[in-house]
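All remarks here apply to the structure that follows.
The values are calculated or read from the model by the stated rules, or taken from the named source; none is laboratory data. Keep in mind that what you see is a predicted model, and the values were worked out from it rather than measured. Counting neighbours? That spans all protein chains shown, and the Cβs are built from the backbone with ideal geometry, glycine included.
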Amino acid sequence: MENKFRIGIAGCGGMGSGHAIALKSGTGDTVYNGNVADAKMPDSAMTTRIGDMMELSGVTDIDQSRRDWAREQGIFVYEDYAAMLSDESVDAVLIATPNHLHKSMAMEALRAGKHILCEKPVMMCSADLAEVMKEAEAAGRVFYPRQNREWDEDYLIIRKIYQENLLGRTFEIRCRIMGARGIPGDWRSRRECGGGMMYDWGVHVIDRTVKMIPERLRRIYCDLKYITNRECDDNVFIHFTFESGLTVRLEVDTCHFIRLPLWNLYADHGTAEIDSWNCDGRMVRLSSWEDKDTVPVMAGSGLSKTMAPRGRETLKELPLPRFDFDRNALYRNFVETCLGTAQQTVTADHALRVLRIMETCFRSAREGRVIEFE
Ligand SMILES: NC(=O)c1ccc[n+]([C@@H]2O[C@H](COP(=O)([O-])OP(=O)(O)OC[C@H]3O[C@@H](n4cnc5c(N)ncnc54)[C@H](O)[C@@H]3O)[C@@H](O)[C@H]2O)c1
């Protein structure tokens, strides 16, 4: 590609600086000077060298220390956002500022004729996103939600087991994102900035759940807790019931000091478990429901027949399927969508549905009840 697609980054904090390093290096690798713990991504021959198709024009940030950091890395720094938008060589902006700023910055960028890659949660509510989508359509520009977690290997494993019925018919999936540090003491703990765990991780777990399961989402129940502060939710529990009866439980927690598995999948002929993001885990497959007579076992201080363990001869332990994939698939798809050479993988319409689900979760938590959704 001769003229590379040029992108500017607005907000050069935790995420924006990761993008800046990824784009400057041209590899997608977000690590500089060991800034991220345990950051080694598996090498993959499938991963696009994004430097071949796009380049970083520069960054902007209102914080002087972030601008200084960028200059130290040899990254061009725009005086302010307006200066970035008025640079005609810039094709797109990547919005990586706190959540409450995404809408106004997206509207400005569209009016300046830029495509947009917008960090999640793209907006604070679905009405705002609908407005931005209308503006993008009028401007003939792409609005691309950076809901990036459909490329996580743990998710790809669960999706394969579910979609290919590897353990029979799935009847429940559970996903738990478990932290132990409360909410960071920055804008994430302020309600007016879009703080709280529903906006932070809830969006990810909802996004990929509804993308994986192509069914109407019938019922939503949500419970939000405020353990470490009074202002923003720090523990999220969501229960979805889909049209077929399949249920999904999603948890995002910040006060759990003993971690439970990241995923469980329960099907009528087996169970799968993924321990953590390194994808250690296993599947246990049932060969036959037929079983010899059971004898009761001691369960606590009483006897139980129903909870007697199953005979080993009807169970088989299997390794989890593993995946190789393009770690830069989202960047690549964004550029190709803007150039008109690919279909948009993460669409604004999908993000709109996710925001409507999040709003219904907030309502369920407020009213303390199950809400009929689709
Ligand atoms: N997709 C993901 O996996 C992922 C991961 C982390 C964060 N995020 C998202 O990225 C966004 C930023 O999060 P973060 O963790 O980087 O926050 P952060 O606080 O580390 O960084 C935000 C930066 O924006 C700057 N900023 C604030 N107002 C600005 C303005 N008007 N113009 C320019 N810069 C401004 C701040 O000075 C700060 O440096 C959030 O929307 C967050 O949800 C996404």
Discussion item. Checking the conditions here, which among THR60, THR30 is surrounded by 17 or more Cβ atoms within 10 Å (Cβ to Cβ), within 11 Å of the ligand (Cβ to nearest atom) and modelled with pLDDT of 95 or more?
Written reply: THR60
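For the stretch 123-142, does any single residue satisfy the condition of being near the ligand (Cβ under 9 Å from one of its atoms) and touching a Phe, Trp or Tyr at 6+ places or on another chain (Cβ under 9 Å)? Step through it out loud before you land on a result.
Of all residues in the stretch 123-142, those near the ligand (Cβ under 9 Å from one of its atoms) come to none.
The answer is no, given that none of the residues of the stretch 123-142 is near the ligand (Cβ under 9 Å from one of its atoms) and touching a Phe, Trp or Tyr at 6+ places or on another chain (Cβ under 9 Å).
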Practice prompt. Hey, can you tell me all the residues within the stretch 1-22 that are near the ligand (Cβ under 9 Å from one of its atoms), hydrophobic (A, V, I, L, M, F, W, C) and assigned to a loop (DSSP other than H, G, I, E, B)?
Written response: CYS12
Fill in: Number of the condition not met by LEU110 [criteria: (1) surrounded by 22 or more Cβ atoms within 10 Å (Cβ to Cβ); (2) without any contact (Cβ under 8 Å) to a residue 40 or more places away in the chain; (3) within 16 Å of the ligand (Cβ to nearest atom); (4) in a helix (DSSP H, G or I)]
(3)
Worksheet item: Failed condition for MET107, given (1) closer than 24 Å to ARG191 by Cβ; (2) out of contact with any helix residue (DSSP H, G or I) (no Cβ under 9 Å at 6 or more places or on another chain), with all others met?
Response: (2)
Discussion item. Go through (1) within 15 Å of the chain's Cα centre (by Cα); (2) more than 24 Å from MET15 (Cα to Cα); (3) hydroxyl-bearing (Ser, Thr, Tyr) for TYR162 and report which single condition fails.
Written reply: (1)
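Among the residues of the stretch 246-292 satisfying the criterion of being of a type in the set (Gly, Ala, Ser) and more than 14 Å from ARG159 (Cα to Cα), which is modelled with the lowest pLDDT?
In the first step, residues of the stretch 246-292 are kept if they are of a type in the set (Gly, Ala, Ser); the result is 267, 270, 272, 276, 281, 287-288.
The next check asks that each one be more than 14 Å from ARG159 (Cα to Cα); those that pass are 270, 276, 281, 287-288.
Working: GLY270: 98, SER276: 94, GLY281: 97, SER287: 91, SER288: 87.
Result: SER288.
Answer yes or no as to whether THR341 is loosely packed, with under 15 Cβ neighbours inside 10 Å and hydroxyl-bearing (Ser, Thr, Tyr). Don't jump to the end; show me each part of the working.
Details: loosely packed, with under 15 Cβ neighbours inside 10 Å: yes; hydroxyl-bearing (Ser, Thr, Tyr): yes.
Considered against the rule, which asks whether it is loosely packed, with under 15 Cβ neighbours inside 10 Å and hydroxyl-bearing (Ser, Thr, Tyr), THR341 comes out as yes.
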Worksheet item: Which one is farthest from the ligand (Cβ to nearest atom) among residues in the stretch 143-187 that are of a type in the set (S, T, N, Q) and assigned to a loop (DSSP other than H, G, I, E, B)?
Response: ASN165
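Does ARG190 fit the bill of being within 16 Å of the ligand (Cβ to nearest atom) and over 19 Å from the mean Cα position of the chain (by Cα)?
Details: within 16 Å of the ligand (Cβ to nearest atom): yes; over 19 Å from the mean Cα position of the chain (by Cα): yes.
Yes; evaluated as a whole, the condition is true for this residue.
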Response to the item:
Residue hits (the stretch 113-122; assigned to a loop (DSSP other than H, G, I, E, B) and within 13 Å of the ligand (Cβ to nearest atom)) are LYS120, PRO121, VAL122
Worksheet item: Taking the stretch 70-107 on its own, how many of its residues are near the ligand (Cβ under 9 Å from one of its atoms), more than 20 Å from LYS24 (Cβ to Cβ) and part of a loop (DSSP other than H, G, I, E, B)?
Response: 2
Discussion item. Could you list, ordered by first residue, the pairs with Cβ atoms under 6 Å in which the first is in the stretch 42-66 and within 22 Å of VAL90 (Cβ to Cβ) and the second is among the aliphatic types (A, V, I, L, M) and more than 16 Å from the ligand (Cβ to nearest atom), at least 6 apart or interchain?
Written reply: MET53/MET1; MET53/VAL335; MET54/VAL335
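Could you tell me which residue of the stretch 123-138 is farthest from PHE362 (Cα to Cα), considering only residues that are in a helix (DSSP H, G or I) and in contact with a Lys or Arg (Cβ under 7 Å, 6 or more places away or on another chain)? Full working, then the answer.
Just the residues of the stretch 123-138 that are in a helix (DSSP H, G or I), to begin with: 126-138.
Among the residues that remain, those that are also in contact with a Lys or Arg (Cβ under 7 Å, 6 or more places away or on another chain) are: 126, 128, 132.
Values: SER126: 13, ASP128: 17, VAL132: 22 Å.
Taking the candidates together, the pick is VAL132.
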Worksheet item: If we keep just the residues of the stretch 193-204 that are surrounded by fewer than 23 Cβ atoms within 10 Å (Cβ to Cβ) and closer than 23 Å to ARG159 by Cβ, which is nearest to the ligand (Cβ to nearest atom)?
Response: HIS204
Worksheet item: Taking the stated definitions as given, is SER44 modelled with pLDDT of 90 or more and either hydroxyl-bearing (Ser, Thr, Tyr) or away from the ligand (no atom under 16 Å from the Cβ) (or both)?
Response: no
